[in-house]
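As structure tokens, the structure follows; a few thoughts come after it.
The values are calculated or read from the model by the stated rules, or taken from the named source; none is laboratory data. Please read these numbers as outputs of a predicted model, since none were measured by experiment. In this analysis, Cβ positions are derived from the backbone assuming ideal geometry, glycine residues included, and neighbour counts consider all displayed protein chains.
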Amino acid sequence: MKEHTVSTTLINQLLFIGILSLFFTSGCAGPSGRTGASNSGTNARLIPTDKGICRDTRTGKMWLTKTSRTIKSLQDAEQYADTMKKGGYDDWRLPTVAELYDLYIIFDLHKNGACTMKVEGNYWSNEPDTAGRVGAWELDDNCDPERQYIPKKKGLVRLIRP
């Protein structure tokens, strides 16, 4: 019985160390809003492809590194996307909420490589089956390594393609 208790204690300690490590690599120890490069090794999910454009090596999607000014309506956010011509592409669009979350996670895990952009903030998104919305993926109040989507009234546009 004593061996079982020691094993359980050891497992709990290792679990605590793992959670603590995750905490220090999450936004609590250093916000994802950093704009500098984090790693340029083969672990990077984002790679620069053109001035102001980064491509996700896993999904093939491209992100503009610069954002719009603050926009107060979905119509204005969509117009901004419809008129964007950058890198020889004219099919830029608003990302989905899930795509924005994925971008946050890339930065939270320091997998942004040589791509620099500010990811913290309120951003417009548009879903194929619902109306567009604006909000932010914020760390929860307890600073757990999880993010929750918080709706807002106005925000920036960060465009993605395809």
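Here are a few things to note about the model shown:
- In segment 67-103, the residues that are among the hydrophobic types (A, V, I, L, M, F, W, C) and exposed (fewer than 15 other Cβ atoms within 10 Å of the Cβ): 98
- Hits in segment 44-65 - residues which are within 15 Å of the chain's Cα centre (by Cα), in a loop (DSSP other than H, G, I, E, B) and surrounded by 13 or more Cβ atoms within 10 Å (Cβ to Cβ): 44, 45, 57, 61, 65
- Residue in segment 106-128 that is modelled with pLDDT under 90, under 20 Å from residue 61 (Cβ atoms), in contact with a strand residue (DSSP E or B) (Cβ under 6 Å, 6 or more places away or on another chain) and of a type in the set (Lys, Arg) present: no
- Residues that are assigned to a loop (DSSP other than H, G, I, E, B), out of contact with any His (no Cβ under 8 Å at 6 or more places or on another chain) and more than 25 Å from residue 149 (Cβ to Cβ) occur at least once in segment 89-100.
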